[in-house]
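Data first, discussion second: the structure below is written as structure tokens.
The values are calculated or read from the model by the stated rules, or taken from the named source; none is laboratory data. All figures in this text were calculated on a predicted structure; none of them were measured in a lab. Positions of Cβ are generated from backbone atoms using ideal geometry, with glycine treated the same way; all protein chains shown enter the neighbour counts. Remember, those area values only see protein heavy atoms, side chains included, never the ligands or the DNA or RNA. Shrake-Rupley method; radii C 1.70, N 1.55, O 1.52, S 1.80 Å.
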There are 2 protein chains.
Amino acid sequence: MNSRLKKILIKLGQQKLDALFVSSPANISYLTKTQSRDSYLLISNKGIFYITDSRYTEEAGLALEKSIKIKKINGSLPRFIAELFLDYGLKRIGFEEKHLSFSGYMKIRKELNKKIKLVSAPGIIEDSRQIKEAQEIKIIKKAIRITAAAFKFIEGFIRPGQKEIELVAELQRFIRYHAAGNSAFDIIAASGPNSSFPHHIPGQRKIRKGEPVLVDMGIDLLGYKTDLTRVFFLDKISAYGRKIYDIILEAQARALNKIKPGALTDEIDAAARQYITEKGYGGFFGHNLGHGVGLEVHEKPMISPKKSTRLKQGMIFTLEPAIYLPGEFGIRLEDMVLVTKKGCEVLSGAINK
Amino acid sequence: MNSRLKKILIKLGQQKLDALFVSSPANISYLTKTQSRDSYLLISNKGIFYITDSRYTEEAGLALEKSIKIKKINGSLPRFIAELFLDYGLKRIGFEEKHLSFSGYMKIRKELNKKIKLVSAPGIIEDSRQIKEAQEIKIIKKAIRITAAAFKFIEGFIRPGQKEIELVAELQRFIRYHAAGNSAFDIIAASGPNSSFPHHIPGQRKIRKGEPVLVDMGIDLLGYKTDLTRVFFLDKISAYGRKIYDIILEAQARALNKIKPGALTDEIDAAARQYITEKGYGGFFGHNLGHGVGLEVHEKPMISPKKSTRLKQGMIFTLEPAIYLPGEFGIRLEDMVLVTKKGCEVLSGAINK
């Protein structure tokens with residue numbers, strides 16, 4: 001059995017749980033070291049069970065380690081799961097309250113007798129996932145190198161007159177040829193005033209000379225994601241654009257400067273946010289400074305004014321200060337950072353800013 | 001106020017609900033006629049409220065009709081929602097149990113006093129969405145024309161020696177240039193024995209002469225999806241391949257023959273499944289015959305042996321009989337069908353089979 005599963009079994013023991021019913025796809029991928037889809041995982045001392053339907057049993061049989069048994073769903077899913085609990089005599093079963101719908105919970109609950117307790121057990125696996133193992137860091141670094149190549153490619157490709165959507169088309173093609181995975185999320189290409197929408201949907205607008213083009217993209221490599229943003233200027237950057245760009249650069253540098261094991265995430269956020277506010281643009285930066293990245297594009301830790309978590313070595317997250325000026329333009333720079341023993345490493349540092 | 005919202009308000013009255021809290025993105029897109037993301041919708045006689053955060057308020061302001069008021073989240077989301085219920089004196093509020101996590105439900109519940117009831121009200125909007133309006137059918141037909149062009153393009157492109165992933169790269173690029181939207185889901189390109197995995201993840205495998213290549217793809221046009229599958233044979237189709245292919249063709253024809261308003265979905269499924277079983281391959285067709293398609297790739301009605309729904313004019317769904325022979329190959333043909341006044345129209349009929 002792999003060490004991740006062993007660790008979770010120990011945690012279950014500590015929480016006096018007989019089992020954990022895992023319904024988050026990213027958590028299942030993490031624990032099985034495969035790219036899981038449309039499946040559930042039941043972890044218990046009586047066995048590790050991978051629950052899926054006929055569409056996936058053949059590939060699961062080839063991909064899963066031997067200690068994980070495949071259970072092919074037949075009939076009603078909630079009843080099938082409830083019967084697994086009963087068959088193996090599991091009494092106290094943890095579930096993932098953020099990854100199970102109200103309806104899913106109620107349907108399983110209905111199939112169980114009163115002796116079986118479903119207990120909310122959030123974050124057990126997510127907490128482990130925050131600290132990346134050496135093997136994971138290696139994959140993420142490779143994914144960032146491919147993303148960097150994609151930025152270099154698009155920097156050479158981009159010309160006035162092209163549509164936003166064409167940039168996305170070329171980037172997706174480039175990523176596929178270089179990574180075998182898809183983009184990690186819908187790529188954003190936002191030109192001119194569209195860049196003031198933090199999550200603009202790329203469209204038919206043609207890029208004009210002299211305006212900023214914001215590109216926010218990430219790839220998926222073996223399930224691991226990247227998430228990076230750069231702003232390109234076609235021709236010369238305006239004085240106003242330059243001013244805002246420099247504020248963002250300095251805000252990011254101030255946040256970076258605070259990152260080391262033991263530092264608090266809200267203080268990292270504050271370092272960037274306070275500087276932006278001092279410069280008079282606090283009202284134009286509405287979102288968090290950053291978020292963890294791994295098997296999900298957004299995962300723990302959040303780098304936010306609202307949450308305070310202590311950083312640990314091995315965490316990987318984004319830093320993405322931004323200023324959005326409605327009707328004018330927006331600037332966001334997003335890098336990915338690894339917390340090291342004494343400070344941090346900007347994993348995406350090789351991409352021009 | 002648009003007619004979809006009006007219809008839902010009438011249904012709420014019939015169910016004695018003061019309001020409906022909508023958390024399904026597709027349902028929100030349907031009711032607001034915009035492409036909604038990271039938002040919630042509260043429908044009540046006291047007003048229609050679109051709840052989102054600072055990343056989306058600017059674009060929502062431009063996109064939404066005037067009868068829908070934007071509420072910008074500040075602070076805790078569950079508290080913000082609970083306060084909306086309180087401020088407008090809403091007492092019986094329906095929610096979507098499949099689209100709200102157990103955790104989301106519990107957090108909102110905790111913020112409410114006992115006089116306010118949260119009532120599960122599933123399917124109200126999904127039921128409306130099953131019957132496509134003329135305007136929706138027009139968009140879906142256009143989306144299918146673009147998907148057909150993509151199949152034609154890839155049929156001309158495909159050669160032995162190419163990797164599965166390269167087909168996906170070229171298709172994604174083609175779709176972007178022709179539709180402004182993304183693919184509706186991760187495109188499947190499965191060559192040779194990989195085609196026996198119903199949902200194969202395309203990889204580095206090189207396509208060989210004489211083997212089948214299964215391509216399952218769909219696009220997103222203004223939020224509306226397509227979902228179609230064809231199998232290409234490079235060079236000559238084998239006698240065994242031909243035999244299986246013909247069984248699938250006939251199975252699909254038998255199902256098509258049953259489609260008209262009033263027909264039962266499980267009988268449509270049975271028409272294809274029984275034929276495949278008669279031919280000796282029943283054990284190699286594990287999934288449903290089809291599913292509705294619209295703002296979601298999979299929506300109501302399900303064409304399944306387990307569920308019986310009466311077809312109505314305006315429904316659009318897939319028919320995708322298949323035979324998967326592990327270690328050998330798989331054949332699936334997937335078309336999209338519109339239920340008409342007296343029978344049906346194969347919307348994807350122009351794509352070669």
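Roughly how much accessible area, to the nearest 100 Å², goes out of reach of solvent when A and B pair up, both sides summed, probe 1.4 Å?
Roughly 3900 Å² of accessible surface disappears when A and B pair.
Across bins of 20 angstrom width beginning at 0, how are the C-alpha pair distances of the protein assembly as shown distributed, in whole percent?
Here the calculated profile for the protein assembly as shown is 16, 50, 32, 2.
Count the net charge of all other residues whose Cβ sits under 10 Å from the Cβ of residue B:19, scoring Lys and Arg as +1 and Asp and Glu as -1.
Residues close to residue B:19 contribute a combined charge of +2.
Evaluate the charge dipole of segment B:6-165 about its Cα centre and quote only its size in Debye, nearest 20, assuming +1 on the Cβ of each Lys and Arg and -1 on the Cβ of each Asp and Glu. Provide the component values of the computation, followed by the final result.
Details: 31 positive and 17 negative charges, 65 e Å.
Once rounded to the nearest 20, the dipole reads 320 debye.
In whole Å, how far is the Cα centre of segment A:4-54 from that of segment B:247-294?
First find each Cα centre; the distance between them is then 35 Å.
Percent antiparallel among DSSP beta bridges with both residues in the protein assembly as shown, to the nearest 5?
75
Based on the mean of other beta carbon atoms within 10 Å per residue, what is the order of B:221-228, A:269-276, most packed first? Write down the numbers at each step before the final one.
Details: B:221-228: 23.4, A:269-276: 20.9.
Sorting B:221-228, A:269-276 by mean packing, highest first, produces B:221-228, A:269-276.
Computed over the Cα atoms of segment A:84-217, what is the ratio Rg over Rh, Rh following Kirkwood?
My calculation of the ratio gives 1.21.
Could you pull the Cα extents of segment A:159-291 along its three principal axes, largest to smallest, in whole Å?
40, 40, 21
In the protein assembly as shown, what percent of the accessible surface is made up of carbon and sulfur (1.4 Å probe, ligands and nucleic acids excluded)?
Looking at the protein assembly as shown in its full context, I get 52 percent from C and S.
Inter-copy label distances at residue A:260, 7 Å along the Cα→beta-carbon direction, one decimal in nm, shortest first?
Here the equivalent label points are 8.0 nm apart from this one.
Once the mean 1/r over all distinct Cα pairs of segment A:192-266 is inverted, what Kirkwood radius in angstroms do you read off?
Taking the inverse mean of 1/r over all distinct Cα pairs, segment A:192-266 comes out at 15.0 Å.
Taking the Cα centre of the protein assembly as shown as origin, sum charge times position over the Cβ atoms of Lys and Arg (+1) and Asp and Glu (-1), and report the length of that vector in debye to the nearest 20.
Details: 114 positive and 76 negative charges, 265 e Å.
Roughly 1280 debye for the protein assembly as shown.
Which distance in Å, rounded to a whole number, links the C-alpha centroids of segment B:71-116 and segment B:134-206?
Here the two parts' Cα centres lie 41 Å apart.
Write down the Å³ per residue value for the convex hull defined by the alpha carbon atoms of chain B.
Convex hull of Cα atoms, per residue: 149 Å³.
Which whole-number percent of Cα pairs in segment A:126-196 have a distance greater than 20 Å? Kindly include the intermediate steps, with their values, before the conclusion.
Working: 1035 of 2485 pairs.
Distances greater than 20 Å cover 42 percent of the Cα pairs.
With a 10 Å cut-off between alpha carbons and a GNM built on chain A, which of A:63, A:184, A:255 moves the most?
A:63
With each run of n ≥ 4 DSSP H residues scored as -39500 (n - 2.57), what mean residue ellipticity at 222 nm is computed for chain A after dividing by its residue count and rounding to the nearest 500 deg cm²/dmol?
-11500 deg cm²/dmol
Quick check for me: using +1 on Lys/Arg Cβ and -1 on Asp/Glu Cβ, what's the dipole size of segment B:213-353 about its Cα centre, in debye to the nearest 20?
Roughly 480 debye, rounded to the nearest 20.
How far is helix A:134-157 tilted, in degrees, relative to the longest principal axis of the Cα atoms in chain A, given as a value from 0 to 90 rounded to the nearest 10?
Once rounded, one gets 40 degrees.
When ligands, DNA and RNA are left out and all protein chains stay put, how many square angstrom of accessible area per residue does the protein assembly as shown have with a 1.4 Å probe?
On a per-residue basis, the protein assembly as shown sits at 42 Å².
How far is residue B:274 from itself in the other copies, in nm, if each label sits 7 Å out from Cα along the Cα-Cβ line, shortest first?
Distances between equivalent label points, in nm: 7.6.
Quick one: what do you get for segment B:179-230 if you divide its Cα Rg by 2.2 N^0.38 Å? Walk me through the numbers before you get to the answer.
On the way: Rg = 12.4 Å, N = 52, 2.2 N^0.38 = 9.9 Å.
Cα-based Rg divided by the globular estimate yields 1.26.
Over segment B:3-128, what number does the Rg to Rh ratio reach, with both radii from the alpha-carbon atoms and Rh per Kirkwood?
Details: Rg = 13.4 Å, Rh = 14.5 Å.
My calculation puts Rg/Rh at 0.92.
Using a 7 Å offset from Cα along the direction of the beta-carbon, what are the separations from residue B:37 to the same position in each other copy, nm, ascending?
When each copy's label point is compared with this one, the spacings are 2.1 nm.
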